[in-house]
Amino acid sequence: MFTGRYFYLSFIILMLFPIFVYAQSDTGLLNIDVEGQALIRQNDVTGAREEAIKDALGNAIQTAVSKSFSVPIEDKKLQTVKNAVINEAEKYINLYKILAERKEAETYIVNVNATIVLDVLKNDLKQKGFFRLPLQEEDSLRVFLNVRGLKKYADYLRLKEFLQSVKTVKSVYPGTFAWQHACFEVVLSGNAQSLADELIQKGGYLLLDIQQADINHTEINCMQKEERS
């Protein structure tokens, strides 16, 4: 169940341990007001409240998808999307707040303000095959880049800015930055070796290896060079 307590606990854990997830930019967040409701069964008001919150978060994701992909909110595909991602709502919702809640007959209703992480949501939906990639990315190569040895957040930002400056890079989707290890998903107009060459020659990184599990999954593994004192 998704409760305010769960997200508060997650926030505390993130503060105690150095695990960070960064959106590509502030425009990658969407703030939405939505309503959720659930039937009160066998006088279980607490259970109905939790189900209503879960329904509201699912509706927030559904609305975000409608806005991001220009799909009418009444489109039946959106209900399929909601059902597919509702159990991973915490992955796409950065923060939520209950604005109001009430009982009406045998129904519990909540009004929620939620902030959606659009980049993560859109990426997952594309990978699940719900929506097509933008035309400029259809014929491109998607590469997963892992870089180790990043000592501080400034190193992470430097890497992100470098990737955005490479001419063959069309899009950069930041993943995680944890324990001196950063992950990115990069859309290229070239091949994986061309990006690796840029990282070595202009970025100053060490290439560990390039792995290709299958035609749709290529990984570049690098290490940041140690700074000389």
Exercise. If a residue has to be in a strand (DSSP E or B), surrounded by fewer than 20 Cβ atoms within 10 Å (Cβ to Cβ), more than 18 Å from the chain's Cα centre (by Cα) and touching a residue at least 24 places away in the same chain (Cβ under 8 Å) to count, how many in the range 98-131 make the cut?
Worked result: 8
Exercise. When residues of the range 145-181 are filtered for being in a strand (DSSP E or B) and at pLDDT below 85, how many remain?
Worked result: 9
Exercise. Of the residues that make up the range 189-202, is at least one assigned to a strand (DSSP E or B) and crowded, with 16+ Cβ neighbours inside 10 Å?
Worked result: no
Problem set entry | Residue in the range 29-48 that is surrounded by the fewest Cβ atoms within 10 Å (Cβ to Cβ), counting only those that are in contact with a Lys or Arg (Cβ under 9 Å, 6 or more places away or on another chain) and in contact (Cβ under 8 Å) with a residue 60 or more places away in the chain | Val45
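The values are calculated or read from the model by the stated rules, or taken from the named source; none is laboratory data. Because the structure is predicted, anything quoted here is derived from the model rather than measured. Here Cβ is always computed from backbone atoms with ideal geometry, including for glycine, and neighbour counts include all displayed protein chains.
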